[in-house]
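Engineer: Pasting in a structure now, in structure tokens, and then I'll have a few things to ask.
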Amino acid sequence: MRNTIASYALLSGAMLFFFSCNNDNSKNNMSSVNQSSASSTPHNLTPEDLWSFGRVSAPALSPDGESLLFTIAYTDIQKNSSSTDIYIMPTEGGEMQCLGVTKENEYEVAWRPDGKAVCYLAAKSDDPQIFEKSIGSTTARQITNIKGGIDAFLYSPNQKYILFVQRVKLDKDIHDLHPDMPLATARLETDLMYRHWNAWSDGAYNHIFLQRLDGDGKTIGEPVDIMKGEPFHAPQMPFGGIEEIAWSPDGETVAYTSKKLQGKESAFSTNSNIYLYNVDSGITKCVTDFNLGYDKCPAFSADGSKLFWQSMEHDGYESDQNRIFMLDLNEESEAVNLFADTELSVASFSLDPKNENIIYFIADEQAKEAIFQLNIATKEIKKVTNDVADYTSIAVVPDNSSLIACRQSMSNPSEVYYVNRESGKATQLTHINDALLANINSCSVEERWVKTTDNKQMLVWVIYPPHFDKSKQYPALLYCQGGPQSTVSQFWSTRWNFALMAANDYIVVAPNRRGLPGFGKEWCEQISGDYGGQNMKDYLAAIDNVAAEPFVDADRLGAVGASYGGFSIYWLAGHHNKRFKAFISHCGIFNFDQMYATTEESFFTNWDLKGAFWEKDNAAAMKSYRESPHLFVNNWDTPIMVIHGEKDFRIPYTQGMAAYNTAVMKGIPAEFLYFPDECHWVQKPQNSIVWHREFYKWLDKWLK
């Protein structure tokens, strides 16, 4: 339902110029996306705009701290695909230099440890390999030639080794069992976790391999599987990446993340661990077996004496407080919870290479993803940034008082910023989307505090249309957040984009209802076991507050949401007391019994619903199941649009079918928008644009 990976992407039918490297190494080419509809007339944001913005990756800082390395991706809507190129620019800002070197996309971009070359993956015959391009060179050289290709890589600091990630087939499939039936498409399952997120298990596992290099950086010998053939993933599936692996500074130890569980045990657990692999001896040891929840994303201190990582306490709770732990590797001591005195939950962190006592991290506070500084010695936490924005990555500039970060908001896609560590002042370094944004009418965002039914204060974002006129009346949309424990922060998205909703002349009401992070553990954790309780009252308190304004037409209210937000729509449909005139539910839970029995990560439903639907003596679970939306369809009387993707294994698409079929059978106006090739999200550009067109067509039909 929720996941920990943030979503990125973005924009337009306006004229856009950008630096393009693919194919001809030229600059200032017109984007093929926009040539057919070029216009310099200011206009409201469109779905096409969202997919025309350049998408910048988190920048990597050069070893000397003087340059930034990142990629920019652009989407070709007609081709339904994107292309990515590599850029370098000075840390303190200046001209971007394009390093396009192949006709293929370049990704997983990194500096070589000596800073003299840029490394990346590019596909040759569908087998991605590592390439290097020396700074100042016009050509690249291929480093690896691994059969089947690789998915990620990491150089050792001394450049004696490369770690790479590759899928390794270990489990038998139907063709191994019946080799004389090569055209058979059957599957035979004997345990759980046979499918995950959007893909069925293929019997292969992510494994980390150690490849030795000679003095010229060429591979020598055969790669070694440091997972030793174990049937476990490292990095974790489905979203783990190179951030789950780290080298020690001396190049002698590899720290990696893995959940070494299978089948039913894996489906009901979040217990991943950090493992240390010694390169010389080949011995692996677990250093986090004392903790039962998630442990992931290790990092070594600059001198290699300490190990840091992200950690959650409770097994089965994927939205637990995410803390930073520290272990002294030179002493026989216990790991230390550096977050023992705070309720903040870390999204990512970065160590100060020049000050062993300082860690910078990103955490949500009151619906804004801000940068914080942690002093290890004193446990003091200082907030660095205070702007109304989300920071999504940080890198610490050595010998300097600054940070490099990516920053976005409800009004602007992500760009790279230079952040002063002391003042928190953020200076924009990249201006990838300035020209396009200059031709788009902007909306305004209000931070409003609303009293809830239990007399607490709730932050509600209210987003107003461009050229908002308070003397007029507008329809309003209640936005119901997914997760359920996912923040309604200053995010920018290609799907739930508040600026686009406002651009269609809707006032958007986005409450940080109960169950969201950033407002303390009690606020966040109240929702588990109470899906139909206080957080639903919070939704209604928010929309009732804004609907009372003279510029809102209270007879033209709609409610929309996805995932837990989609469930919220189904629940509100049976309880809203005529407030709303239209609903849209994307990938929502309709029937709790079926959800518990068919989702893939069973730990999620087991934690949030407090147990299984057959546990009749479990009072907490029975309370949860009594709130299932399908039990209240007798009260449904409002037009509803249902959206679902067939490859959504978190909330199977039959949940959406059941809700849509029920509405039709009850004679309620309904539509079912179905994507056979999408999962819990809509990721393909043309599918996304169709999603938006049908989304607003439905709302306009009933609210305008």
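Engineer: If we keep just the residues of the stretch 251-278 that are among the aromatic types (Phe, Trp, Tyr) and within 18 Å of CYS297 (Cα to Cα), which is nearest to the chain's Cα centre (by Cα)?
Structural biologist: Here the answer is TYR256.
Engineer: Just name the residue that is nearest to the chain's Cα centre (by Cα) out of those in the stretch 344-358 that are closer than 18 Å to ALA58 by Cβ and among the hydroxyl-bearing types (Ser, Thr, Tyr).
Structural biologist: In this case the residue turns out to be SER348.
Engineer: Something else: Please give the number of the condition SER248 fails out of (1) touching a Lys or Arg at 6+ places or on another chain (Cβ under 8 Å); (2) on the phi < 0 side of the Ramachandran plot.
Structural biologist: The single condition SER248 does not satisfy is (1).
Engineer: With the condition kept exactly as written, say whether any residue in the stretch 256-272 is more than 30 Å from ALA612 (Cα to Cα), at pLDDT 95 or above and outside any strand (DSSP E or B).
Structural biologist: no
Engineer: If a residue has to be open to solvent by 10 Å² or more (accessible area, probe 1.4 Å), in contact (Cβ under 8 Å) with a residue 60 or more places away in the chain and not charged (D, E, K, R) to count, how many in the stretch 247-262 make the cut?
Structural biologist: 3
Rundown of residues vs (1) under 23 Å from PHE551 (Cα atoms); (2) touching a strand residue (DSSP E or B) at 6+ places or on another chain (Cβ under 6 Å); (3) not basic (Lys, Arg), yes/no style:
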| site | (1), (2), (3) |
| --- | --- |
| LYS425 | no, no, no |
| ASN441 | yes, no, yes |
| THR452 | yes, yes, yes |
| ILE463 | yes, yes, yes |
| LYS470 | yes, no, no |
| PRO484 | no, no, yes |
| TRP492 | no, yes, yes |
| TRP496 | no, no, yes |
| ASP505 | yes, no, yes |
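Engineer: Okay, moving on. Restricted to the stretch 458-486, and to residues that are among the polar types (S, T, N, Q) and over 28 Å from PHE604 (Cα atoms), which residue is surrounded by the most Cβ atoms within 10 Å (Cβ to Cβ)?
Structural biologist: GLN473
Engineer: Here is a list: THR185, THR138. Which entry is open to solvent by 80 Å² or more (accessible area, probe 1.4 Å) and either within 26 Å of LYS647 (Cβ to Cβ) or in contact with a Lys or Arg (Cβ under 6 Å, 6 or more places away or on another chain) (or both)?
Structural biologist: Of the residues listed, the single one that is open to solvent by 80 Å² or more (accessible area, probe 1.4 Å) and either within 26 Å of LYS647 (Cβ to Cβ) or in contact with a Lys or Arg (Cβ under 6 Å, 6 or more places away or on another chain) (or both) is THR185.
Engineer: Hey, another quick one. Would you mind stating whether GLY240 is in contact (Cβ under 8 Å) with a residue 60 or more places away in the chain and either out of contact with any helix residue (DSSP H, G or I) (no Cβ under 8 Å at 6 or more places or on another chain) or not in a loop (DSSP other than H, G, I, E, B) (or both)?
Structural biologist: no
Engineer: With respect to ILE143, determine if the residue is over 26 Å from MET237 (Cα atoms), hydrophobic (A, V, I, L, M, F, W, C), touching a residue at least 24 places away in the same chain (Cβ under 8 Å) and touching a strand residue (DSSP E or B) at 6+ places or on another chain (Cβ under 7 Å).
Structural biologist: Yes; evaluated as a whole, the condition is true for this residue.
Engineer: Among ASP114, ASP151, ASP85, ASP127, which is the only one that is crowded, with 18+ Cβ neighbours inside 10 Å and modelled with pLDDT of 90 or more?
Structural biologist: Result of the check over ASP114, ASP151, ASP85, ASP127: ASP85.
Engineer: Give the residue, chosen from LYS578, LYS623, LYS610, LYS616, that is open to solvent by 50 Å² or more (accessible area, probe 1.4 Å) and in contact with a Gly (Cβ under 6 Å, 6 or more places away or on another chain).
Structural biologist: Being open to solvent by 50 Å² or more (accessible area, probe 1.4 Å) and in contact with a Gly (Cβ under 6 Å, 6 or more places away or on another chain) holds for just one of LYS578, LYS623, LYS610, LYS616, which is LYS610.
Engineer: Does PHE583 satisfy the condition of being among the hydrophobic types (A, V, I, L, M, F, W, C), open to solvent by less than 50 Å² (accessible area, probe 1.4 Å) and in a helix (DSSP H, G or I)?
Structural biologist: The answer is no for PHE583.
Engineer: Could you list, in sequence order, all residues of the stretch 641-671 that are over 26 Å from the mean Cα position of the chain (by Cα), touching a residue at least 24 places away in the same chain (Cβ under 8 Å) and assigned to a loop (DSSP other than H, G, I, E, B)?
Structural biologist: Hits for the stretch 641-671 are LYS666, ILE668, PRO669.
Engineer: Moving on. In the stretch 385-395, which residues are surrounded by fewer than 22 Cβ atoms within 10 Å (Cβ to Cβ) and over 20 Å from ILE432 (Cβ atoms)?
Structural biologist: Listed by number, the residues that qualify are ASN386, VAL388.
Engineer: Given the structure, is MET15 open to solvent by less than 40 Å² (accessible area, probe 1.4 Å), within 26 Å of GLU694 (Cα to Cα) and modelled with pLDDT under 90?
Structural biologist: For MET15, the condition - open to solvent by less than 40 Å² (accessible area, probe 1.4 Å), within 26 Å of GLU694 (Cα to Cα) and modelled with pLDDT under 90 - is not met.
Engineer: Residues in the stretch 549-575 that are among the hydrophobic types (A, V, I, L, M, F, W, C), part of a helix (DSSP H, G or I) and open to solvent by less than 10 Å² (accessible area, probe 1.4 Å): how many?
Structural biologist: Qualifying residue count for the region: 4.
Engineer: Are any residues in the stretch 417-436 among the hydrophobic types (A, V, I, L, M, F, W, C), more than 23 Å from VAL384 (Cβ to Cβ) and within 26 Å of the chain's Cα centre (by Cα), and if so, which ones?
Structural biologist: Within the stretch 417-436, ILE432, LEU436 meet the criteria.
Engineer: I need the full set of residues from the stretch 437-456 which are open to solvent by 70 Å² or more (accessible area, probe 1.4 Å) and more than 18 Å from GLN366 (Cα to Cα), in order please.
Structural biologist: ALA438, SER442, THR453
Engineer: Under 6 Å by Cβ, and 6 or more places apart or on different chains, what pairs join a residue from the stretch 608-635 that is within 23 Å of ARG514 (Cα to Cα) with one that is open to solvent by 50 Å² or more (accessible area, probe 1.4 Å) and in a loop (DSSP other than H, G, I, E, B)?
Structural biologist: Going by the 6 Å Cβ cut-off, the qualifying pairs are ALA620/LYS610; ALA621/LYS610; ALA621/GLU615; SER624/LYS610; TYR625/PHE613.
Engineer: Inside the stretch 672-695, can you point out the residues that are crowded, with 18+ Cβ neighbours inside 10 Å, within 19 Å of GLY566 (Cα to Cα) and not polar (S, T, N, Q)?
Structural biologist: Result: LEU673, PHE675, GLU678, CYS679, HIS680, TRP681, VAL682, TRP691, HIS692, PHE695.
Engineer: Looking at this structure, is SER156 of a type in the set (Ser, Thr, Tyr), under 26 Å from ALA299 (Cβ atoms) and at pLDDT 95 or above?
Structural biologist: In short, yes.
Engineer: Residues to consider are ASP180, ASP214; find the one that is of a type in the set (D, E, K, R), within 30 Å of ASN158 (Cα to Cα) and more than 35 Å from the chain's Cα centre (by Cα).
Structural biologist: The conditions single out ASP214.
Engineer: Say whether the condition of being more than 28 Å from the chain's Cα centre (by Cα) and in a strand (DSSP E or B) is met by at least one residue in the stretch 283-292.
Structural biologist: Yes, because at least one residue in the stretch 283-292 is more than 28 Å from the chain's Cα centre (by Cα) and in a strand (DSSP E or B).
Engineer: Return yes or no: is PHE632 assigned to a loop (DSSP other than H, G, I, E, B) and in contact with a Phe, Trp or Tyr (Cβ under 8 Å, 6 or more places away or on another chain)?
Structural biologist: No.
Engineer: Could I ask something else about it? Restricting to the stretch 405-432, what's the tally of residues that are in contact with a Leu (Cβ under 8 Å, 6 or more places away or on another chain), of a type in the set (D, E, K, R) and closer than 11 Å to VAL56 by Cβ?
Structural biologist: So the answer is 1.
The values are calculated or read from the model by the stated rules, or taken from the named source; none is laboratory data. Values in this document were obtained by computation on a predicted structure and should not be read as measured data. Here Cβ is always computed from backbone atoms with ideal geometry, including for glycine, and neighbour counts include all displayed protein chains. Surface areas here come from the heavy atoms of the whole protein model, side chains and all, with no ligands, DNA or RNA. Shrake-Rupley method; radii C 1.70, N 1.55, O 1.52, S 1.80 Å.
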